[in-house]
Structures are given as C-alpha cells and as structure tokens.
Amino acid sequence: MGDAWMPGAVCLQACYDGGGLRGGAPRVVWQTLETDPRLVSARSAAERLDELGRAPHLVWNPLSGEIAQLVPVLRAGRSLGADGLLGASASIAHDAPPVNGEGRLCVQIAVVSFAAEPFTSGPMTDLELIIWWLDSWRIPRSWPAGPPGPSRRAHGGQRSRRLWARGGHFGGSQVPESGGTGPGAIEVERLTGPAAIPPIEVPRHREAKLPHAERAAGPAAERTARRKAERTAARAASPIHFPRHSQDDAGERLTGAGRTAGG
C-alpha cells in the first residue's frame, strides 16, 4: 500500500472532498484544465478548483513539474461530472456526482494544459513520480476504453459502463455520466507505457514460512517444529546458574591443599 499523500507533492488539503469511496476496481482519470501551463502554476490552479468545489486529487503542471494534492487518495475527489473545470463556463459545484466515488480508488489528475494541444506532445516533467505513486497503489496501467479521442469528438465518444468497471486509466472524456472533454488525443504509451516509465518493484509483506519438508509433513509436524523452536528459544533466554560453594567447603579445600604441600 502506498502513501495517501503523494511524496513530493505540495499538500493543499481541500475544504471539501467527494466523501467515501464505494468500492470496485481502482482507476485513474486524466483531465485538462484548459489553461496555459506557461502562465498558471499547479498551486494557483488547485486553489481555484478548491474555491469552485471541484477538487481533484492532483493538479500537475507538466512544464514545471509542480504537483499539488488536494484530496488524499483514500477519499473521493469532486472533479468528475462537469466540463471546463477552470474555463469560462466553470461554476461552483455544490454536489459531487456519484461517479466521483466509484472504485476503491478513483484518482483524479487535472493537468494544466489544453485538450486541443495534448500534453504528451511536450515536456512532462516529473511524470514518473506520479506514475510510480499510482503503481504503489497497484492501479493497472491499462486503458480499457483505449486512447482518449480528440477534444472535438469528445462529446460523442464512448462512455461505457462495462469498460469503466474494469478499472485502469481513463480520460475525462471516457467517464460515464460526465461532461468532460479532456484530455484530448494524448499518447497513452508516453504516459504509462513501460518503455517510457519503467515500473518499480513495490515490496510486499511476506509471512515467515517453515521449511518445505516440514510444510509437506502436515499440521502435526508444523506444531512439533514450532514447539521445538519455542523450547530452544526458551533455553537460550534462560540464565546460566553456576554452583556456589560455602565458606566451609572453601576452608576444607585450603586445609587439604596445605596438608598435601607439607608432606
């Protein structure tokens, strides 16, 4: 299990999140804010989204590499269900549509960029930090609905419930019951492909196991082996008692030693 707050991201906890998650396959949704990454920082965009009640989990500026996090990964965000998160049509969202809480994880990433100019065609500074964080939560790098389409065709794109249920990565334009049109025709291989972002080994916790021969012998042999190990440990932990001699014994030994020496 990874960190609820992404290491390296600026923490700007939102005033309101989307509530609890309702379970299901884990997923990631990539969106665009329709703002110029040369002029708008991730921090200022995140603050504005919070004011509008549309907080995603992450806001990322791919030019500078700045990443701001508003919502912990184990809570639902509020950015799904509407178009133009920061555009001229953006308005305050009073309620978060239910789709925000679908999945045991539903990580929403808002990229400071334009859907008409796919961000994968330019610099993607510190992208690997985001992908490795998602990997630590064991979210598949698959795209069940395929690569997102161009923004001009986004409103008529496929928003399949069946594909959504599989989990993995999606564009905002592929989310059921949502009006999102981003992130445009991004190159998904540049975003999540192993050639672009090699996977890292996420350690798993392993239980101590008995030797194979003892496991094969069955439960009785396992219990015997455990008792034997416990007795060995108990003996190792017990203090060692050396025999103590009385003063009379010591005197007799000295007297005897004198007689021997005298002849």
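The values are calculated or read from the model by the stated rules, or taken from the named source; none is laboratory data. Model, not experiment: these values are computed from the prediction. A quick note on method: Cβ atoms are made from the backbone with ideal geometry, for glycine too, and the neighbour counts reach across all protein chains shown.
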**OP:** Filter the stretch 25-42 for residues that are assigned to a loop (DSSP other than H, G, I, E, B) and within 16 Å of the chain's Cα centre (by Cα) and give the result.
**Re:** ALA25, PRO26
Subject >> Unmet criterion (only one of (1) in contact (Cβ under 8 Å) with a residue 12 or more places away in the chain; (2) of a type in the set (Ser, Thr, Tyr); (3) under 25 Å from SER151 (Cβ atoms)) for SER44 >> reply: (1)
Original post:
Of (1) closer than 21 Å to GLU128 by Cα; (2) surrounded by fewer than 20 Cβ atoms within 10 Å (Cβ to Cβ), CYS15 satisfies all except one. Which?
Top reply: (1)
Subject >> Selection from the stretch 47-75 of residues that are under 25 Å from PRO150 (Cα atoms), surrounded by fewer than 24 Cβ atoms within 10 Å (Cβ to Cβ) and in contact with a Lys or Arg (Cβ under 8 Å, 6 or more places away or on another chain) >> reply: LEU63
**OP:** With the condition kept exactly as written, say whether any residue in the stretch 34-44 is closer than 21 Å to ASP95 by Cα, in contact with a strand residue (DSSP E or B) (Cβ under 7 Å, 6 or more places away or on another chain) and at pLDDT 95 or above.
**Re:** no
Subject >> Residues (within 20 Å of the chain's Cα centre (by Cα), crowded, with 18+ Cβ neighbours inside 10 Å and over 16 Å from GLU189 (Cβ atoms)) located in the stretch 110-129 >> reply: ALA110, VAL111
